[in-house]
């Protein structure tokens, strides 16, 4: 199924804007959330084709939100790409174990992210 609608989850307004602009310029419809609780609610309501998930956020972190999405019947089919500053191999392994389909480290390379998205579509 081609990816058209993407939910960008990040507590940084700058990162949300950068990712939203990049994706919109490449033909994607973008919704945003600034924390995990908002992301979970929007994922259930909007059923995006993909979630880009930050890890370091106040409250519930992105690992917890990714796990919640992957366990929920309503959202478990939505792929998640973790998009974070946490670049250790252990972080990547833990993210994948929570249900993420891919992992990208900030600062995000536009071409690399677009390649990962098209690989999922």
message: Quick check on this structure: which one of 92, 116 is over 23 Å from residue 17 (Cβ atoms) and in contact with a strand residue (DSSP E or B) (Cβ under 7 Å, 6 or more places away or on another chain)?
response: 92
query: So which of 30, 8 ends up being crowded, with 21+ Cβ neighbours inside 10 Å and modelled with pLDDT of 95 or more?
result: 8
- request: Check every one of the strands (runs of 3 or more DSSP E) wholly within region 1-53 and list those with 1 or more residues that are farther than 17 Å from residue 116 by Cβ and within 14 Å of the chain's Cα centre (by Cα).
  value: 29-33
- line: The correct count of residues that are buried (at least 21 other Cβ atoms within 10 Å of the Cβ), out of contact with any strand residue (DSSP E or B) (no Cβ under 7 Å at 6 or more places or on another chain) and assigned to a loop (DSSP other than H, G, I, E, B) in region 54-74 is 1
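The values are calculated or read from the model by the stated rules, or taken from the named source; none is laboratory data. All figures in this text were calculated on a predicted structure; none of them were measured in a lab. Note that we place each Cβ from the backbone using ideal geometry, even for glycine, and neighbour counts take in every protein chain shown.
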